[in-house]
Amino acid sequence: MRFFRVLIAFIVLNFGALGLGALFMGKGAQSTWYLELEKAPWTPDGWIFGAAWTLIMICFSVYMTFLYLKRPTNTVFILFMIQFILNISWNLLFFNQKLIDFALVNILLLTVMVAGFFITYLKDLKGKSILILPYFIWLCIATSLNLYIALYN
């Protein structure tokens, strides 16, 4: 029962982050500004972003539940909240403020943080650590897309 209560809390937090991020995006990928940018040839279709983030946040919520139940410390929750803020702020920096270079630094920090979760807690979570890999892989792709835009615009 405790597992499901913690899982629901992380699902609410993670999907809340997606909602806040979308709020900060404004028109986002549909804005004239974004549509006119030179984008990487490997930029996925728009629907893939929604599907990917849904899967990522479900997996990350399960990962964080296992981690929090294994290590119910303030450190784990503080690291989660830093990740939460970095995740949300990328949308604000990139789409809302059009600060592509700052957004790139932000997403690099987020990618390092997610990699840090994986490395730091691998021994504790063992095979369950695979649940954070979709997030890390997607961030690597998103970082490459942000870098391409930074270089070519």
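Could you tell me how many of the residues in segment 30-43 are in a loop (DSSP other than H, G, I, E, B) and without any contact (Cβ under 8 Å) to a residue 40 or more places away in the chain?
2
For segment 129-141, does any single residue satisfy the condition of being over 18 Å from the mean Cα position of the chain (by Cα) and surrounded by fewer than 14 Cβ atoms within 10 Å (Cβ to Cβ)?
no
What are the residue pairs meeting all of these: first residue in segment 80-97, first residue closer than 19 Å to Ser61 by Cα, second residue of a type in the set (Phe, Trp, Tyr) and at pLDDT below 95, Cβ atoms under 7 Å, and 6 or more apart or on different chains?
Note: pairs meeting the criteria are Ile88/Phe24.
Taking segment 8-62, which residues are of a type in the set (S, T, N, Q) and closer than 23 Å to Phe77 by Cβ?
Hits for segment 8-62 are Asn14, Ser61.
Return only the number of the condition from (1) among the aromatic types (Phe, Trp, Tyr); (2) buried (at least 17 other Cβ atoms within 10 Å of the Cβ); (3) closer than 20 Å to Leu35 by Cα that Tyr152 does not satisfy.
Every listed condition holds for Tyr152 apart from (2).
Check off (1) of a type in the set (Lys, Arg); (2) modelled with pLDDT of 95 or more; (3) surrounded by 13 or more Cβ atoms within 10 Å (Cβ to Cβ) for Arg5 and give me the number that stays unchecked.
Arg5 satisfies every listed condition except (3).
What is the one condition in (1) assigned to a helix (DSSP H, G or I); (2) modelled with pLDDT under 95 that Met81 does not satisfy?
The single condition Met81 does not satisfy is (2).
Kindly provide the set of residues from segment 132-153 that are more than 24 Å from Leu122 (Cα to Cα) and in a helix (DSSP H, G or I), ordered by number. I'd like the intermediate steps shown before the answer.
Filtering segment 132-153 for residues more than 24 Å from Leu122 (Cα to Cα) gives 144-153.
Residues satisfying the conditions are Ser144, Leu145, Asn146, Leu147, Tyr148, Ile149, Ala150, Leu151, Tyr152.
Determine whether segment 67-76 contains at least one residue that is surrounded by 12 or more Cβ atoms within 10 Å (Cβ to Cβ), at pLDDT below 95, part of a loop (DSSP other than H, G, I, E, B) and of a type outside the set (Gly, Ala, Ser).
Taking every residue of segment 67-76 in turn, at least one turns out to be surrounded by 12 or more Cβ atoms within 10 Å (Cβ to Cβ), at pLDDT below 95, part of a loop (DSSP other than H, G, I, E, B) and of a type outside the set (Gly, Ala, Ser).
The values are calculated or read from the model by the stated rules, or taken from the named source; none is laboratory data. All of these numbers come straight from a predicted model, not from anything done at the bench. Every residue, glycine among them, receives a Cβ derived from its backbone with ideal geometry; neighbour counts consider all protein chains shown.
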